[in-house]
Amino acid sequence: MTAVQYPRLADVFPELTTEIVLLLRAEADPLAEVIDDLPYYGPCTCTPTCTNLLTAPFGSSGSRMAQLQRDGEDVIWLTLDPSATGVTDVEVLDGRDLGPAAHRSG
């Protein structure tokens, strides 16, 4: 049995990843250092309307979040793992179209 290889979030969504890193670095948040290496597991399928991008297997999330803002408005929410040192999913709140890789197939 071979392990499934997931693409990196940075390879699928390079502009989004760059923005997340810049917003985290502006706050001197150490999470900025893990963003480039996050895997991309695909869009969340928990509900038909969920728009989260999974960066860990479904069900890995903890209860903490990092809320990233631009001009005083939340633009991205990062859900953190229970240790708050890893990102389990990314939710883009500003309505931008992330393209087909952000949408469920079927």
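Please treat every number below as a calculation from the coordinates, not as lab data. This one's a predicted model, so the numbers in the text were calculated from it and none came from an experiment. Cβ placement follows ideal geometry from the backbone for every residue including glycine, while neighbour counts extend to all protein chains displayed.
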Mean Cα-pair separation over length for the stretch 1-83, i.e. relative contact order, pairs under 8 Å, 6 or more apart, %: 22 percent
Charged-residue dipole, Cβ positions (Lys, Arg, Asp, Glu), the stretch 9-97 about Cα centre, Debye nearest 20: 240 debye
Residue among D94, D29, D71 with the largest mean-square fluctuation in a Gaussian network model of the chain, springs linking Cα atoms under 10 Å: D71
Footprinting exposure proxy for L93, L31 (fewest neighbouring C-beta atoms within 10 Å first): L93, L31
Degrees, to the nearest 10: 14-26 long Cα axis against longest axis of the chain: 40 degrees
